[in-house]
Amino acid sequence: MRIEKFNSYKEMSEFVGDLFASQLLLKPDSVLGLATGSTPIGAYEHLVKLYNEGKVDFSKCTTFNLDEYYPIKQDNPQSYYYFMNEHLFSKVNVNKANLHIPNGSAPDAEAECKAYDELIDKMGGIDLQLLGIGENGHIGFNEPASSLDPGTHLTGLTESTIAANARFFDSADDVPRHALTMGVGSILKAKRIVIAINGEKKLDAFNKLIEGKVDTMSPATVLNLHSNVIVAFSN
Ligand code: PGA
């Protein structure tokens, strides 16, 4: 685990954005694992800037997002589909046919999850996966629990995650209670992982992660089982 500490959110975001830009430079048809939440926004802004300067080309890449609320419609401004369009996809030259986000309105959640994992495998796996982290240590919507699911699955949100995400909705009552999320096994299959952590509120989750122990009650600690992880932290 490589730990990179930054003095500002901006520096951290530029570092994370540059990792993705260099990944695309080295392998234009990379498979990228993407994340939502407030933390990755700066990295996406940096990538858009690099794209506008002609320094990065997204035309050949494939992307898979970590998660999506369930149920939710794609045109709901709180959907992660909407988020990705707003912050990245509509601003760079991605090929829309190559963008994948779990479908929050799939009638059969289980079939959707199975197909999602199969497609990631078919594309050769994820080359570089971006993660955020919850205050409770969650990655994607893999919430603290006595055991963790390996593959993409339908899951319930914990009260603390509903409370944390209520800031994006009119009220906590409007936050969907379920989500489709890549499992920790799907995440650990990525060839390289960068986890972006910002702010004092995440300090506890960060400290548990870098302690080196695996604890399902702080799901990000499973990253200690992976041999190519970068932890990018700013406070
Ligand atoms: P945040 O969310 O970046 O909005 O803090 C991260 C997460 O919950 O995974």
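Can you name the condition, by its number, that THR158 falls short on among (1) among the polar types (S, T, N, Q); (2) within 29 Å of GLN23 (Cα to Cα); (3) open to solvent by 20 Å² or more (accessible area, probe 1.4 Å); (4) in contact with an Asp or Glu (Cβ under 6 Å, 6 or more places away or on another chain)?
(2)
Does GLU4 meet the test of being within 25 Å of HIS138 (Cβ to Cβ) and open to solvent by 70 Å² or more (accessible area, probe 1.4 Å)?
No; evaluated as a whole, the condition is false for this residue.
For segment 1-57, give me the residue count where each residue is among the hydroxyl-bearing types (Ser, Thr, Tyr) and farther than 14 Å from LEU130 by Cβ.
Qualifying residue count, segment 1-57: 3.
Across segment 78-111, what is the number of residues that are farther than 20 Å from SER30 by Cα and over 18 Å from the mean Cα position of the chain (by Cα)?
7
Give the number of residues within segment 143-176 that are polar (S, T, N, Q), within 16 Å of the ligand (Cβ to nearest atom) and over 17 Å from the mean Cα position of the chain (by Cα).
2
Is there a residue being crowded, with 22+ Cβ neighbours inside 10 Å and within 16 Å of the ligand (Cβ to nearest atom) anywhere in segment 105-128?
No - not one qualifying residue is present in segment 105-128.
Has segment 107-116 got at least one residue that is acidic (Asp, Glu) and under 23 Å from ALA43 (Cβ atoms)?
No, segment 107-116 has no match at all.
In segment 13-64, how many residues are part of a helix (DSSP H, G or I) and either hydrophobic (A, V, I, L, M, F, W, C) or open to solvent by 40 Å² or more (accessible area, probe 1.4 Å) (or both)?
20
Could you check how many residues of segment 75-118 are in contact (Cβ under 8 Å) with a residue 24 or more places away in the chain, among the aliphatic types (A, V, I, L, M) and not in a loop (DSSP other than H, G, I, E, B)?
Within segment 75-118, residues that are in contact (Cβ under 8 Å) with a residue 24 or more places away in the chain, among the aliphatic types (A, V, I, L, M) and not in a loop (DSSP other than H, G, I, E, B) number 3.
Take the conditions out of contact with any helix residue (DSSP H, G or I) (no Cβ under 7 Å at 6 or more places or on another chain), of a type in the set (Ser, Thr, Tyr) and within 16 Å of the ligand (Cβ to nearest atom) and apply them to SER22. Does it pass?
Taking the combined requirement at face value, the residue does not satisfy it.
Any idea which of (1) surrounded by fewer than 23 Cβ atoms within 10 Å (Cβ to Cβ); (2) of a type in the set (Ser, Thr, Tyr); (3) at pLDDT 95 or above is the one TYR80 doesn't satisfy?
Going through the list (1) surrounded by fewer than 23 Cβ atoms within 10 Å (Cβ to Cβ); (2) of a type in the set (Ser, Thr, Tyr); (3) at pLDDT 95 or above, TYR80 breaks only (1).
The values are calculated or read from the model by the stated rules, or taken from the named source; none is laboratory data. Quick caveat, the model's predicted, so the values are computed rather than measured. Cβ atoms come from the backbone with ideal geometry, glycine included; neighbour counts cover every protein chain shown. Remember, those area values only see protein heavy atoms, side chains included, never the ligands or the DNA or RNA. Shrake-Rupley method; radii C 1.70, N 1.55, O 1.52, S 1.80 Å.
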